[in-house]
Amino acid sequence: MRIASIDIGTNTFRLLVSEADGGSSIKKLYISREITRLGEGLTPEKMLINPNAIDRSLKVLSGFSLKLREYEVGKLRAVATSAVRESLNGRDFVKKVEAETGIPVEVISGDEEARLTVEGVLNSVSFDTPDCLIFDIGGGSTEYVYVKGGGIRNITSTGLGVVRLTEKYLGSETDTDSDIASLSGHIGEMISSGLSSFPAVGGVNLTLIGTAGTPATLAAIELRLAKYDPALVNNFILTRGMIENTLRTISSIPKSERTKVPGLEKGREDLIVSGIAIVLKTMERFSSDRMVVSDAGLLEGIAYNMIGRGDGMETRA
């Protein structure tokens, strides 16, 4: 049976159509991602998804619905994360999605998001240390998971989302040194307090693994990819020096010109600096000079979970 997973993120929506490929593995048949900026303008003072973001999102999900029919998908699981989870009109958005596209949406907690992400990552990357720290940088939040001996020991969902951070700290056309310093200071404080129960440092026994748009984009920039290639990005190793060089290059360019940089996807030109700041502060927190990039994450985790447990809803005819 063909299955589909949909990740309704704060910045990006993604669709994966796959089928069981013997045992617990999956064969990817179709994958798509679209930047919708669903969480645009969400602030503590105004936690409402705006009408334009809803319209953009419905258009993308209507396209996803057509693909579900084209691929004759038998089971579907669509999950919504930070923007829908935290907004006051998130439930109304979910009802509107199902009414207009036929896609039933499940709003998941930060912990569930992290668990599914771990499932996707650990089935996709390789590393040679007993422990790993997986972090998933999203538009509205960043999830951290400490895995020891193959088991999850700690999960924390933070409010560090690249859409929110960018709107708060990097609102002008050019990112100044003082703006980036303020942004980095805030991220450092959030990580310090939010990850107080995690290991003090990483050391030789811990591998940092970054997933979602920012780590994948940093790898694509380093590889100078004119067209994104998941096979090249997955398992790519980024060093602190590489990332700092990319930050210097990107921050010196006005946002409107950044898409000329090979590997930088349109729609991420204003968000990438916030994402880089999260990566660098995470590396600093765990005293690590390198990280492994996982192209897979929540989307793939949903698929593996559906195969392993038979989760998912029957799709409409």
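Note on the range 285-300: among residues that are among the hydroxyl-bearing types (Ser, Thr, Tyr) and part of a loop (DSSP other than H, G, I, E, B), the one that is farthest from the chain's Cα centre (by Cα) is Ser287. Cβ-Cβ distances below 8 Å connect the following pairs, each with a first residue in the range 104-126 that is farther than 14 Å from Ile137 by Cα, a second residue that is outside any helix (DSSP H, G or I) and charged (D, E, K, R), and a separation of six or more residues or different chains: Glu106/Arg77; Ser124/Asp295. Of the helices (runs of 4 or more DSSP H) lying entirely inside the range 162-229, those containing at least 3 residues that are among the polar types (S, T, N, Q) and either closer than 22 Å to Leu42 by Cβ or touching a residue at least 24 places away in the same chain (Cβ under 8 Å) (or both) are 177-194.
The condition (being touching a residue at least 40 places away in the same chain (Cβ under 8 Å) and not in a strand (DSSP E or B)) is satisfied by just one residue among Leu88, Leu76: Leu88.
In the range 23-39, what count of residues is obtained for those that are touching an Asp or Glu at 6+ places or on another chain (Cβ under 8 Å) and either of a type in the set (Gly, Ala, Ser) or closer than 14 Å to Gly139 by Cβ (or both)? Qualifying residue count, the range 23-39: 1. Determine whether the range 77-87 contains at least one residue that is farther than 25 Å from Ser157 by Cβ and crowded, with 19+ Cβ neighbours inside 10 Å. Within the range 77-87 (the criterion being farther than 25 Å from Ser157 by Cβ and crowded, with 19+ Cβ neighbours inside 10 Å), the answer is no, since none of the residues qualifies. Any residue at all in the range 218-228 that is crowded, with 22+ Cβ neighbours inside 10 Å and out of contact with any Ser or Thr (no Cβ under 7 Å at 6 or more places or on another chain)? Yes: one or more hits. Looking at this structure, is Leu280 in contact (Cβ under 8 Å) with a residue 12 or more places away in the chain, touching a helix residue (DSSP H, G or I) at 6+ places or on another chain (Cβ under 9 Å) and surrounded by 19 or more Cβ atoms within 10 Å (Cβ to Cβ)? In short, no.
Across the range 1-60, the number of residues qualifying as part of a strand (DSSP E or B), among the small types (Gly, Ala, Ser) and surrounded by fewer than 21 Cβ atoms within 10 Å (Cβ to Cβ) comes to 2.
Bear in mind these aren't lab numbers, they're just calculated from the coordinates by the rules spelled out. A quick note: this is a predicted structure, and the numbers were derived from the prediction, not measured. Here Cβ is always computed from backbone atoms with ideal geometry, including for glycine, and neighbour counts include all displayed protein chains.
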